[in-house]
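Just below is one structure, and these are the notes that go with it.
Since every read-out is calculated from the coordinates, none of them should be taken as a lab result. Here the structure is a predicted model, which is why all the values come from computation and not from measurement. Cβ coordinates were reconstructed from backbone atoms using ideal geometry, including for glycine residues, and neighbour counts include every protein chain displayed.
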Amino acid sequence: MKNILTILVGLFIFSCSNPQNVEESQVPVKRQLAQHVIVIGVDGMSPNGIMNANTPNIDFLIKNGASTLNARAVLPTSSSPNWASMIMGAGPEQHGITSNSWERDEHTLLPVSTGIEDIFPTIFGVLHEQRPEAEIGTIYHWEGFGRLYEKSAVDYDRHGETEVITAELAVEYIASKKPDLCFIHFDHVDGAGHHYGHGSKEYFESISLADSLIGQVYTAIGNAGILENTVIVLSSDHGGIGFGHGGETPEEITIPFVLYGNKVKKGSTIKHEVFTYDNAATVAFLLGLNPPYAWIGRPVKSAFEGYPEPKSKMIVQTLQAPVIFPPANMYAKAGGLFVDEIPKARIESNDSTLEIRYTINGEIPSRESKLYEGPFSIYETMVLQAKAFEQTGEESPVSKAYFRVLRIGEGNGINYQLFKGTDWENIPEMDNLKSHESGELFEFALPKAYVEGNPGQFAMTFESWISIDKEGKYTFYTYSDDGSILYINDKKIVDNGGQHGVIESSGAIELKPGKHKIKVDYFNHGGGAWLEVFMKGPGIPKQILPPNRLFLNNTNSKI
């Protein structure tokens with residue numbers, strides 16, 4: 001009995017001293033994979049940008065490190081929420097930074113936890129708290145980045161007026177201080193996307209410039225004599241589409257994530273899911289830190305020697321989707337509007353050995369769908385979908401094109417008015433404004449001059465009559481940057497208002513055969529501008545609202 005009591009007392013004493021009963025952030029972590037971590041973030045750099053630009057330095061990091069071009073940002077795909085998520089190890093739901101308008105003294109959502117200051121804990125605060133002697137630096141091109149972290153945690157805090165100055169500051173800091181953690185932010189790629197368009201020649205050139213600056217940072221690490229004990233982390237906050245970002249498209253939410261350096265597997269592709277908030281967790285793992293309980297990010301351990309790839313059902317497409325011509329361009333979908341013209345559909349794959357099959361009835365193509373054998377004429381409005389198939393069973397993602405065929409002389413069209421403003425925060429009351437421009441269009445779309453470049457602040461109202469031939473439930477969608485509202489018979493059906501990147505909202509209504517008044521109000525606060533309207537109904541797959549269903553007045557006309 002005495003021996004049993006002794007054992008029980010010993011177990012009690014052990015349990016009281018067990019680290020599991022101590023606050024997690026206080027538990028010492030002995031293993032440290034890297035003495036130095038350099039994080040390089042390039043604002044607005046998409047995987048597509050890396051693949052199409054001249055990037056010898058990034059290519060070197062990928063070839064000799066571990067990477068994925070399928071990492072995912074958080075929503076909304078705006079800068080502040082994503083840079084915050086990258087350094088805070090959590091998403092907007094946790095840290096509360098939900099838009100670029102967030103400020104420490106002006107925000108709606110409180111953080112679920114705070115660290116050494118009154119904001120959600122960042123990797124800088126965590127490192128400073130657990131290792132006060134650590135040298136920590138931040139150098140950033142976008143001044144807004146500087147409000148997202150604890151200033152008291154950082155030894156070196158500099159804003160570079162240009163991307164070149166930002167790189168110079170980083171090179172000097174690495175040479176003089178050999179920091180434990182240095183975060184470098186470049187902003188010019190995002191600027192090129194907004195000004196010239198994502199996927200433009202100028203956008204790719206801006207990524208090539210970022211690549212040369214990354215090369216300068218890499219050289220500085222080597223010259224400082226710390227390369228062998230350093231891990232470089234390269235990523236981005238979001239991609240983009242057209243002239244903007246903020247929405248939910250793959251082009252906006254897919255980002256690169258690259259690791260290079262000490263203990264990193266060489267030439268390894270990360271095959272499991274990676275999220276932007278995994279960045280901070282990975283840095284904490286490298287520096288031997290205990291992450292705060294509120295973090296949801298996980299370290300990307302599989303990128304390092306001795307750690308296996310986790311089991312994952314991540315969907316990784318190895319075949320590229322075929323291209324339907326006319327191809328997508330910026331925001332515009334593949335296909336197009338053809339007035340008094342019979343277009344030809346052409347479909348191409350990057351691999352001539354693949355079999356392409358397509359549909360025109362709204363169904364996803366399968367191996368039983370019609371085989372594409374060459375260009376064919378399109379005589380009516382349709383949604384064309386295509387897929388590439390391999391003999392082994394693999395298949396590509398779906399390509400989709402919207403062909404709208406219209407014949408003049410049947411009363412089709414939309415009346416529009418355009419207004420210019422300076423201080424609108426949302427869609428204005430246009431009934432009380434004087435229009436700067438008016439006319440007729442065939443589709444709910446912005447004039448070309450107001451899509452390209454930076455058109456400033458303006459609003460538009462569109463009015464037409466939509467012809468319905470079958471009774472049933474009809475769903476309407478607006479896809480816009482910034483706000484849009486759609487009305488049917490003066491009833492609000494879709495509310496996509498506010499300031500945002502290109503996002504989609506929808507609403508449904510029961511309609512009877514005949515013509516129904518349709519109206520769309522739109523405004524652009526600034527920056528990129530876009531508007532598209534889609535519909536879906538009985539026997540009608542989701543598609544850009546067919547212009548042959550839209551009429552200038554409520555007289556009888558055939559569809």
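Rounded, prolate or oblate for the stretch 41-303? Axes are the square roots of the Cα gyration tensor eigenvalues, ordered a ≥ b ≥ c, and the cut-off for rounded is a/c under 1.5. Intermediate values should be presented prior to the final figure.
Numbers: a/c = 1.33, a/b = 1.07, b/c = 1.24.
Rounded shape, in that the Cα axes give a/c under 1.5.
Pairs of Cα atoms nearer than 8 Å and 6+ residues apart set the relative contact order; for the stretch 200-323 it is 19 percent. Here Glu368 and Gln391 are evaluated by their C-beta separation; at R0 = 25 Å the FRET efficiency comes out at 0.95.
Among the chymotrypsin sites (Phe, Trp or Tyr not before Pro) found in the stretch 447-528, not one is both in a DSSP coil and sparsely packed, with 16 or fewer other Cβ atoms within 10 Å of its Cβ. Taken over the chain, the convex hull of the Cα atoms encloses 206 Å³ per residue. At an R0 of 41 angstrom, the distance between the Cβ atoms of Glu380 and Glu429 translates into a FRET efficiency of 0.55.
Applied to the stretch 512-524, the Karplus parametrisation 6.51 cos²θ - 1.76 cosθ + 1.60 on θ = phi - 60° returns per-residue 3J(HN,Hα) values of 9, x, x, 9, 10, 5, 10, 9, 10, 9, 9, 8, 10 Hz, with x for Gly and Pro. Under a 5 Å amide H cut-off, with hydrogens placed 1.01 Å from N, Thr55 pairs with nothing among residues at least 5 apart or on other chains. Each residue in Arg147, Arg357 was given a count of other beta-carbon atoms within 10 angstrom of its own, and listing them fewest first yields Arg147, Arg357. The stretch between Glu168 and Ser212 holds 14.6 nm of extra length on full extension. This uses 0.36 nm per residue minus the Cα-Cα distance. Does anything in the stretch 151-170 have its amide N under 16 Å from the 7 Å Cα→Cβ label point of Asn454, and if so which residues? The answer is 162-163, whose backbone nitrogens lie closer than 16 Å to the label point. If R0 is 30 Å, what FRET efficiency do you get for Ala175 and Asp59 from their C-beta distance, rounded to 0.05? The calculated FRET efficiency here is 0.75.
For a test of the definition: using alpha carbon positions, the gyration tensor, and the 1.5 limit on a/c, classify the stretch 343-388 as rounded, prolate or oblate. Cα axes put the stretch 343-388 in the oblate bin. Which of the lysines could a cross-linker span from Lys517 if the Cα-Cα distance has to be under 19 Å and same-chain partners fewer than 8 positions apart are dropped? Partners found: Lys470, Lys473, Lys491, Lys492, Lys536, Lys558.
Of all aspartates and glutamates in the structure, those lying under 12 Å Cα to Cα from Lys271, and not within fewer than 8 positions of it along the same chain, are Glu309. With a cut-off of 16 Å on the backbone N, the residues of the stretch 528-542 near the modelled label site 7 Å out from Glu510 along Cα-Cβ are 538. Only beta bridges with both residues in the chain are counted; by DSSP, about 75 percent of them are antiparallel.
Partner aspartates and glutamates whose Cα lies under 17 Å from the Cα of Lys420, excluding those fewer than 8 positions away in the same chain, are identified as Glu429, Asp431, Glu437, Glu452, Asp481, Asp482, Asp521.
For the chain, what is the mean residue ellipticity at 222 nm derived from helices alone (per DSSP H run of n ≥ 4: -39500 (n - 2.57); sum divided by total residues; nearest 500 deg cm²/dmol)?
Working: 11 runs with 112 residues, N = 559.
Using -39500 (n - 2.57) per qualifying helix, the result is -6000 deg cm²/dmol.
Between Thr475 and Asn223, full extension at 0.36 nm per residue minus the direct alpha carbon distance yields a gain of 84.6 nm.
Neighbours of Ala53, meaning other residues whose beta-carbon lies under 9 angstrom from its beta-carbon, give a summed charge of -2 when Lys and Arg score +1 and Asp and Glu score -1. In this structure, the pairs whose alpha-carbon distance is over 25 Å, taken from Lys201/Lys301; Lys333/Lys542; Lys63/Lys177; Lys387/Lys542, are Lys201/Lys301; Lys63/Lys177.
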